[in-house]
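Encoded as structure tokens, the structure appears first; notes follow it.
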């Protein structure tokens, strides 16, 4: 399942709170778009991201980084996401 998680990228807070749960990446992306509009912020300002997990999770659950990945196994990764922005 896909989950939108709260991710403020603080290494002292490895557990991530689940904001919403979705059956498809498309539905998760729509939820993220709605969150951005509601908050009036851009994606990198929302402290949220979409992840894939095999673990059954619900809203407000805390999820360990070892239990999720950015992409579902076998999912086609867009060309722009394949390479790091860093040199």
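Within the range 44-59, the only residue that satisfies the criterion of being more than 12 Å from the chain's Cα centre (by Cα) and over 15 Å from residue 1 (Cα atoms) is 45.
Across the range 57-67, the qualifying residues are those that are modelled with pLDDT of 95 or more and in a loop (DSSP other than H, G, I, E, B), and the one among them that is surrounded by the most Cβ atoms within 10 Å (Cβ to Cβ) is 57. Residues in the range 66-87 that are without any contact (Cβ under 8 Å) to a residue 60 or more places away in the chain, under 20 Å from residue 10 (Cβ atoms) and touching a strand residue (DSSP E or B) at 6+ places or on another chain (Cβ under 7 Å): 2 in all. Being in contact with a helix residue (DSSP H, G or I) (Cβ under 8 Å, 6 or more places away or on another chain) and loosely packed, with under 15 Cβ neighbours inside 10 Å: is that true of residue 81 here? The answer is no for residue 81.
State all residues of the range 16-46 that are surrounded by fewer than 12 Cβ atoms within 10 Å (Cβ to Cβ) and touching a strand residue (DSSP E or B) at 6+ places or on another chain (Cβ under 8 Å); if no residue qualifies, say none. Once the filter is applied, which keeps residues that are surrounded by fewer than 12 Cβ atoms within 10 Å (Cβ to Cβ) and touching a strand residue (DSSP E or B) at 6+ places or on another chain (Cβ under 8 Å), the range 16-46 yields 23, 24.
The values are calculated or read from the model by the stated rules, or taken from the named source; none is laboratory data. Predicted model, so just to flag it, every value in this text is computed and none were measured. Because the Cβ atoms are built from the backbone with ideal geometry, glycine has one as well, and the counts that use them run over all protein chains shown.
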